[in-house]
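K.L.:
Take this structure, written in structure tokens, and hold onto it; I'll ask about it next.
All of the numbers you see were taken from the coordinates with simple rules; none came from a lab. Fair warning: this is a prediction, and the values are worked out from it, not measured in the lab. Every residue, glycine among them, receives a Cβ derived from its backbone with ideal geometry; neighbour counts consider all protein chains shown.
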Amino acid sequence: MYNLDYGHTGNWNVDLVREVIFLDDTKTRIILAAMKAVRQYGLEGVRIQNISELADISPGAIYRYFEGKEQLMVECFTYVDKQAAVIFERLQFNPLTMLTDPMGAVKSLWQPYFRFWVSRSDETIFYYRFRDSAFFPKYDKSRDVSYFETFIGMVQAFQKVFPSLKQINQDILWLHVLTTTLLYAKYVVEGVLPDNQDTEDTVFRLLTTGLSGYLRPEKPEKGRKK
């Protein structure tokens, strides 16, 4: 278990997260430049030449690391996805709070995730556009999400305490959580919404309004022996 590490602004420490992603420095530079290029030119409009200019590396050097634009975009998505997963590895989560303060327990998981996105403008806009692309559904069917094992374990703990959560269509539930979080984070990094506590609190309330009715522990059946 780890304590959260935030910078002076209250945002997730970006350098700390990047420490756990072991990539060649040049490859990392290309990936970061590619996401910046997508923000500037769009997912469809970006070209290898745009990325090479931002990375200050020749187009030929990029092809030594990636077969082409499509593979590079997938690698960018995986790079960000793995960093998001690390957040849950570093959380100090007390399962007892699920009973004493269920919404507080949910917020303790969601808050660092939301702050991760609002602190990373290029990554957030890239991730949003990639997920919204025609290519993503095909890629999503085969992608490996084993690096979210810790988060999945936390979700299972909630389901054990609150069996009603299993009544929700899980695909819809997680699309709701991810899409809502990512969309409002994108609005923040684009300057549409202010980056402050009021925005964060409002987004969380909107996100969880429909969830509150499911956060009730299972009541023992009458006559059932303890």
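K.L.:
Can you tell me how much longer the chain between Thr209 and Ala61 gets when fully stretched, taken as 0.36 nm per residue apart minus their C-alpha distance, in nm with one decimal?
P.N.:
Extra length available between Thr209 and Ala61 comes to 48.3 nm.
K.L.:
At most 16 other Cβ atoms within 10 Å and a DSSP loop assignment: could you name the trypsin sites (Lys or Arg not before Pro) in the stretch 15-117 that fit?
P.N.:
Listed in order of number, the matching sites are Arg47.
K.L.:
Does anything in the stretch 97-118 have its amide N under 19 Å from the 7 Å Cα→Cβ label point of Leu178, and if so which residues?
P.N.:
Answer for the stretch 97-118: 109-118.
K.L.:
Past the 19 Å Cα-Cα mark, which pairs from Lys82/Lys107; Lys36/Lys69; Lys82/Lys160; Lys27/Lys138; Lys36/Lys138; Lys82/Lys141?
P.N.:
In this structure, Lys82/Lys107; Lys82/Lys160; Lys27/Lys138; Lys36/Lys138 exceed 19 Å between Cα atoms.
K.L.:
Could you calculate the FRET efficiency of Ser142 with Asp25 from 1/(1 + (r/R0)^6), where r is the beta carbon distance between them and R0 is 22 Å, rounded to 0.05?
P.N.:
My answer for the efficiency is 0.15.
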